[in-house]
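Read the figures in this text as sums done on the coordinates, not as results from a lab. Everything quoted here is computed from the prediction, not taken from an experiment. Quick reminder, even Gly has a Cβ in these numbers, built from the backbone with ideal geometry, and neighbours come from all protein chains shown.
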Amino acid sequence: MIENKENLNNFIEVAETEHTAYIKIHGKGTFKLAPDFKDFVEQEMRKKIRGVLIDLYYCETLDSTFIGTITSLTLKYKKNGRSQVRLFNVNKHIRAILKNLGLINIIDIFDEVKNDSAEFTNIKATDRSKIEIADLMLDAHETLASLNDKNAAEFKNVVDMLSKKVK
């Protein structure tokens, strides 16, 4: 019963305007929310929008899979030079995690965002296979591990374990 209550408190809201997608993470951004988050961002980027703005005002924390997913998407879209992924309203705890992982200079972080005209709706959770989730987790952790030696050492065991699962 506690697990169901936890899932109700952890959710994602999304909205879009002509050129921007907005995402609000509520509760804890974890591997359970990461696949639907990634799908929404990729869907929006296919529409050739200018950016994705991620509001963390209601977010308590992010796990390494969610952070790695944000990082992977950020790097992918920075590379194409067309769209940007930006974080707003980042609390001290999450900011410390991002700094510890060496992401402060990779992910754009701003104090606040104005999205008065956007109407938010909840993302509907999609059932995923264990392999799909493991594959997303592997990509997220490989991304984090590729950034610096400290991350490579920290996530080596996770990457090794997930690599065996998805093969």
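Brief remarks on what is shown
- Cα-based radius of gyration for segment 2-125, normalised by 2.2 N^0.38 Å, reads 0.98.
- Of all DSSP beta bridges confined to segment 16-153, the antiparallel ones make up roughly 5%.
- Applying the criteria of a DSSP loop state and at most 15 other Cβ atoms within 10 Å to the GluC sites (Glu not before Pro) of segment 30-132 yields E112, E119.
- Near G51, the amide H atoms lying under 5 Å from its own belong to A21, Q84; only residues 5 or more places off or on other chains count, and H is placed 1.01 Å from N.
- Estimated FRET transfer efficiency (N9, D149; beta-carbon r; R0 35 Å; 0.05): 0.45
- 10 Å-binned pair-distance histogram of segment 67-138 (Cα, whole percent): 15, 36, 40, 9
- Fully extending the segment from Q84 to K164 would add 25.5 nm, taking 0.36 nm per residue of separation and subtracting the current Cα-Cα distance.
- Label sites at K156 and D135, each approximated as a point 7 angstrom past Cα along Cα to Cβ, lie 2.8 nm apart.
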